[in-house]
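To start, the structure itself, in structure tokens.
The values are calculated or read from the model by the stated rules, or taken from the named source; none is laboratory data. Keep in mind that this is a model prediction, so the values were computed, not measured. Neighbour counts are summed over all protein chains in view; Cβ atoms, including those assigned to glycine, are modelled from backbone coordinates with ideal geometry.
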Amino acid sequence: MTNDIVLIGKSKRFRAQIKELGYNVITEPLGMATEDFISEHNFDIIMFDKTCNKNLELCKKVKANSDLLGVSVFFTDIKSSDEIIKALTYGADFIHNLSNKDILKATVSKALSNKKSILDMSKLALTDSLTGFDNKRSFEAFKKVSTEDALSIFYIDVNDFKYVNDTYGHSVGDEVLKQISKRLKDGSRKGDLLFRDGGDEFVLVTSKVPEKYLPKLKKRVEESVSRGYVDTDDGNKLKLNISVGAINKESGEDFDEILKKACENMRKNKAEIKRKISFVRCKGCTAGAHKCSCE
């Protein structure tokens, strides 16, 4: 993968030096505002030469833009201590005279390494370590930017999860969650989003489907999980089983209000599952019911 570096106001000679190091050099096109140009492209490094007010303000906006997380800002032609202080105040990451090729190479390499570390840390902060799904923090951020989107939402809860933890221990409970997560992921479509919203609660978000197809999609979600089992140390097989509440969200509707309704629908679905033990089947049992018919 070639890393992209955008140059604002640099000479052709400087561009050539960066290209020699194997990086893709991009310059702002004529007739396009620099701020728009930066916002619309996924650059790794942005290099300014002068500390004019325009460049300093752009630097400040880049560092405040969460979509440009990890992007380093260079000021490459600063000569006075006042300019250095000013650039640092506005958020510059590196302030060097980069005419020396070795210094340029080392500085760019360090900036790219920093970006990777920042993005890796950001991903860890937004990812549930057990399931690999986006976590609650990520879901909260998603809700804030999705008010205008028309979506189908499926609120998912694992049935009798407390019973599993109390009877077989948390290690088996964790395995249940991992297996359910895997089956939800395997059964999802390209573009679907999966979040872990709590201990045994998940949310599947898809592009909006027609209302008449919502029950069919809900059933598909349930069946993607219900075919699975988790073995226990005592020879039992725990049948994976979930309750699902499905609802459509129209553009402009409050996400949290719709989510409450999805949760209510999930609880209604859970109440329809009459047998209390929905996981346990004895060793060798082939009964299809939620609760083993041999008990």
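Among residues of region 139-157 that are at negative phi, those with a beta-carbon under 6 Å from a residue that is polar (S, T, N, Q) and at pLDDT 90 or above at least six positions away or on a different chain give the pairs GLU148/SER251; ALA150/SER251; SER152/THR206; SER152/ASN248; ASP157/SER243. The set of residues in region 141-167 being of a type in the set (S, T, N, Q) and part of a loop (DSSP other than H, G, I, E, B) consists of SER146, THR147, ASN159. Applying the set (1) part of a helix (DSSP H, G or I); (2) touching a residue at least 24 places away in the same chain (Cβ under 8 Å); (3) of a type in the set (A, V, I, L, M) to ILE78 leaves exactly one unmet item: (1).
Of all residues in region 87-97, which are within 36 Å of the chain's Cα centre (by Cα) and part of a loop (DSSP other than H, G, I, E, B)?
Kept after step one, since they are within 36 Å of the chain's Cα centre (by Cα), are these residues of region 87-97: 87-96.
Of everything in region 87-97, those that are within 36 Å of the chain's Cα centre (by Cα) and part of a loop (DSSP other than H, G, I, E, B) turn out to be TYR90, GLY91, ALA92, ASP93, HIS96.
Applying a threshold of 7 Å to beta carbon distances and a minimum spacing of six or more residues, or different chains, the list of pairs starting in region 27-47 at a residue that is within 27 Å of SER113 (Cβ to Cβ) and among the aromatic types (Phe, Trp, Tyr) and ending at one that is part of a loop (DSSP other than H, G, I, E, B) and at pLDDT 75 or above reads PHE43/VAL71.
The residue list ARG183, ARG189 contains one member that is in contact (Cβ under 8 Å) with a residue 12 or more places away in the chain and touching a helix residue (DSSP H, G or I) at 6+ places or on another chain (Cβ under 8 Å), which is ARG183.
Taken together, SER129, SER109 contain a single residue that is closer than 30 Å to SER171 by Cα and either at pLDDT 85 or above or not in a helix (DSSP H, G or I) (or both), which is SER129. Checked against (1) among the charged types (D, E, K, R); (2) at pLDDT 90 or above; (3) under 24 Å from ASN236 (Cα atoms); (4) in contact with a strand residue (DSSP E or B) (Cβ under 9 Å, 6 or more places away or on another chain), ASP160 passes all but condition (2).
Would you mind stating whether LYS178 is of a type in the set (D, E, K, R), more than 28 Å from GLU257 (Cβ to Cβ) and surrounded by 14 or more Cβ atoms within 10 Å (Cβ to Cβ)?
Values: of a type in the set (D, E, K, R): yes; more than 28 Å from GLU257 (Cβ to Cβ): yes; surrounded by 14 or more Cβ atoms within 10 Å (Cβ to Cβ): yes.
In short, yes.
Just one residue in the set GLU264, GLU222 is assigned to a helix (DSSP H, G or I) and at pLDDT below 95; that residue is GLU222. For region 149-162, state whether one or more residues are surrounded by fewer than 17 Cβ atoms within 10 Å (Cβ to Cβ) and of a type in the set (S, T, N, Q). No, there is no match, as no residue in region 149-162 is surrounded by fewer than 17 Cβ atoms within 10 Å (Cβ to Cβ) and of a type in the set (S, T, N, Q). Under the condition of being surrounded by fewer than 18 Cβ atoms within 10 Å (Cβ to Cβ) and in contact with a helix residue (DSSP H, G or I) (Cβ under 9 Å, 6 or more places away or on another chain), the residues counted in region 232-247 number 2.
The set of residues from region 199-213 being of a type outside the set (D, E, K, R) and either part of a strand (DSSP E or B) or under 17 Å from the mean Cα position of the chain (by Cα) (or both) comprises PHE202, VAL203, LEU204, VAL205, THR206, SER207.
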